[in-house]
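Step one of this worksheet: look at the structure below.
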Amino acid sequence: MRRWNGWGDDQFNLELPANGSAFLAERIGGAQPLPDATLESVLARVPETRLPHHEKVSTDAETRVRHARGQSLADWLAMRSGEFGVFPDGVAFPESSEDARELLQCAAHTGAIVIPYGGGTSVAGHINPNESDKPVLTISLARMNRLLDLDHESHIATFGAGTPGPLLEAQLKAEGYTLGHFPQSFELSTVGGWVASRSSGQQSLRYGRIEQLFAGGRMETPRGPLTIPTIPASSAGPDIREMIMGSEGRMGLITEVKVRVTPLPEKEAFHVLFFPSWATARDASRSLVQSRVQLSMIRVSNARETETQLALAGHEKLIGTLEKFLAFRGVGDGKCMMTLGLTGSKTQCRAALREVRRICKAHRGVYTGTHMGSKWAEKRFTMPYLREALWQMGYAVDTLETATDWDNVDNMINRVEDNLRYGLSEDNEAVHVFTHLSHFYTQGCSIYTTYVFRTADDYVTTHARWQKLKQSTSQLIVENRGTISHQHGVGKDHAPYLPVEKGELGMEAIRSLCDLFDPDARLNPGTLLQEDSGS
């Protein structure tokens with residue numbers, strides 16, 4: 001069963017190696033975990049529903065608890081402490097677009113606020129109810145999870161918007177296809193959520209971000225249904241698809257998603273190289289993407305992330321042998337790891353690997369084969385479980401991500417890392433910070449930074465420390481030519497920083513679209529547009 005107060009399957013745990021706690025204690029100090037609230041104690045705090053009875057709406061206390069929060073660190077602290085704040089008054093489970101339309105009509109009649117719910121993986125506050133004098137209805141798309149149609153000629157697949165990643169890929173694989181969209185939240189996130197938040201998968205170099213994969217679909221709005229046809233390309237005015245992507249439930253419920261699928265590749269492998277410095281690794285990755293080498297992914301870890309990954313990998317003898325080999329090849333302290341994905345026909349993969357080795361050799365890269373890449377691939381969707389392991393040791397972990405042009409990458413990384421690393425110095429607390437580049441474009445790349453700090457003696461102080469780090473770094477990002485979100489969306493948490501990126505007129509345009517589709521401001525108020533109160 002899914003954890004009620006954390007990530008994923010409650011029967012699965014990702015254990016740190018024996019030296020993991022020593023590694024963190026050496027860098028930021030030993031820690032003591034905070035006590036967790038029990039589910040029973042939280043259920044006792046769920047108030048009576050304000051919604052009338054409806055056959056497709058559950059007002060069961062546990063169902064409401066399990067749909068009240070996402071997966072940001074603020075959500076984590078709320079769930080672990082038991083201080084949830086606001087619970088939805090009910091959770092609906094439509095099974096068709098018609099059901100969704102009926103539920104929107106019922107919400108209008110009862111004056112309820114509506115929050116769309118996909119996989120509940122938001123790390124930006126998308127699904128958290130605000131305080132309101134109106135009842136809150138969360139609409140889960142979980143039962144709309146099937147492959148509805150597959151056009152073998154056009155390679156267009158139609159899915160219910162609530163289809164989670166593993167089920168989507170399993171249904172496509174049975175027909176010989178893949179979507180190739182693999183965010184780290186793949187285990188739980190849904191195809192409708194990917195569209196609503198403008199998601200990016202780990203292998204977007206081959207398959208594209210959701211912008212390239214989303215071909216059309218259907219959205220139920222308070223003004224009626226909106227159907228987007230699947231046209232390969234068009235110059236007929238603004239693209240309606242683009243208006244819907246990133247709408248985050250503010251314009252309607254995405255109920256059906258049509259995506260561009262690809263036949264299963266003949267071969268796929270993940271390779272690892274090491275570089276003697278950040279500059280050589282960064283420049284090699286830029287050369288690879290600007291040369292348009294046929295790769296499915298690139299990931300470049302800076303020196304601190306490389307050190308952390310090797311220290312927490314376990315297999316001390318194997319890592320020790322690797323360290324000796326790399327030192328012999330001139331790659332020692334300060335080394336940076338690059339992980340590459342090669343996907344396609346055998347011929348394509350062979351040609352791409354030749355280009356990889358040629359370009360990386362020019363940047364002093366040392367090729368180490370596919371063993372470590374295979375290990376990464378095995379665990380790439382289990383890394384969110386690391387938060388549970390760290391929490392049990394008394395550490396809080398969170399991430400920040402952005403994207404910027406190549407000429408600004410180092411400036412952005414240095415500013416973000418320094419702000420986080422010294423952000424709790426007034427509290428005499430150290431923060432362990434590391435970064436990787438995760439998605440690549442000819443003009444720039446995304447920057448994904450992880451930070452770990454000790455929990456305080458209580459939840460309130462721990463939250464205040466997180467808030468200080470999150471808010472100051474988010475402001476720094478938008479003031480230094482970075483987007484507030486490359487792949488996690490805006491939600492409520494990032495909404496205060498969006499105007500810097502969009503500008504006054506841009507924000508007015510976004511608001512006008514929301515007002516058009518949702519004139520009563522019933523859908524997910526406070527998300528995307530900060531001024532909404534929902535009351």
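For segment 466-485, a residue qualifies if it is surrounded by fewer than 20 Cβ atoms within 10 Å (Cβ to Cβ) and of a type outside the set (Val, Ile, Thr), and the qualifying residues are Gln467, Lys468, Gln471, Ser472, Gln475, Leu476, Glu479, Asn480, Arg481.
Residues checked against (1) closer than 21 Å to Arg206 by Cβ; (2) part of a helix (DSSP H, G or I); (3) in contact (Cβ under 8 Å) with a residue 40 or more places away in the chain:
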| site | (1), (2), (3) |
| --- | --- |
| Leu288 | yes, yes, yes |
| Arg299 | yes, no, yes |
| Glu323 | no, yes, no |
| Ala352 | yes, yes, yes |
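You will find that of Val259, Val272, the residue that is assigned to a strand (DSSP E or B), hydrophobic (A, V, I, L, M, F, W, C), surrounded by 23 or more Cβ atoms within 10 Å (Cβ to Cβ) and modelled with pLDDT of 95 or more is Val259 and no other. Is one or more of the residues making up segment 475-482 under 26 Å from Leu340 (Cα atoms) and not assigned by TED's automatic domain parsing to the domain that holds Ser287? The answer is yes; a qualifying residue exists.
Could you tell me whether segment 389-411 includes any residue that is in a helix (DSSP H, G or I), free of Cβ contacts under 8 Å to residues at least 40 places away in the same chain and over 22 Å from Leu16 (Cα atoms)? Looking through segment 389-411, at least one residue is in a helix (DSSP H, G or I), free of Cβ contacts under 8 Å to residues at least 40 places away in the same chain and over 22 Å from Leu16 (Cα atoms). Consider segment 180-223 and keep the residues that are of a type in the set (Lys, Arg) and within 13 Å of the chain's Cα centre (by Cα). The one that is surrounded by the fewest Cβ atoms within 10 Å (Cβ to Cβ) is Arg209. As for segment 168-184, it holds no residue that is within 15 Å of Ser97 (Cα to Cα) and modelled with pLDDT of 95 or more.
Would you be able to say whether some residue in segment 200-212 is touching a Leu at 6+ places or on another chain (Cβ under 9 Å), basic (Lys, Arg) and part of a helix (DSSP H, G or I)? Scanning segment 200-212, I find at least one residue that is touching a Leu at 6+ places or on another chain (Cβ under 9 Å), basic (Lys, Arg) and part of a helix (DSSP H, G or I), so the answer is yes. Annotation: Thr483 fulfils all but one of (1) closer than 21 Å to Glu417 by Cβ; (2) without any contact (Cβ under 8 Å) to a residue 60 or more places away in the chain; the unmet one is (2). Inside segment 412-449, can you point out the residues that are out of contact with any Phe, Trp or Tyr (no Cβ under 6 Å at 6 or more places or on another chain), in a strand (DSSP E or B) and hydroxyl-bearing (Ser, Thr, Tyr)? Scanning segment 412-449 gives Thr435, Ser446, Tyr448, Thr449. Just one of the listed residues (Gly334, Gly341) is among the small types (Gly, Ala, Ser), modelled with pLDDT of 95 or more, within 22 Å of Thr450 (Cβ to Cβ) and not in a loop (DSSP other than H, G, I, E, B), and it is Gly341.
Tell me yes or no: at least one residue of segment 418-427 is farther than 24 Å from Pro496 by Cβ and surrounded by fewer than 21 Cβ atoms within 10 Å (Cβ to Cβ). Yes, there is a match, as at least one residue in segment 418-427 is farther than 24 Å from Pro496 by Cβ and surrounded by fewer than 21 Cβ atoms within 10 Å (Cβ to Cβ).
Reported count of residues in segment 450-466, each being of a type in the set (D, E, K, R) and either within 21 Å of Thr308 (Cα to Cα) or part of a strand (DSSP E or B) (or both), is 1. Restricting to segment 483-529, name every residue that is assigned to a loop (DSSP other than H, G, I, E, B), under 12 Å from Ser247 (Cα atoms) and aliphatic (A, V, I, L, M). Listed by number, the residues that qualify are Val490, Leu528, Leu529.
The values are calculated or read from the model by the stated rules, or taken from the named source; none is laboratory data. What you are looking at is a predicted structure, and each value in this text was computed from that prediction instead of being measured. Don't worry about glycine lacking a Cβ; one is built from the backbone with ideal geometry, like all the others, and counts go over all protein chains shown.
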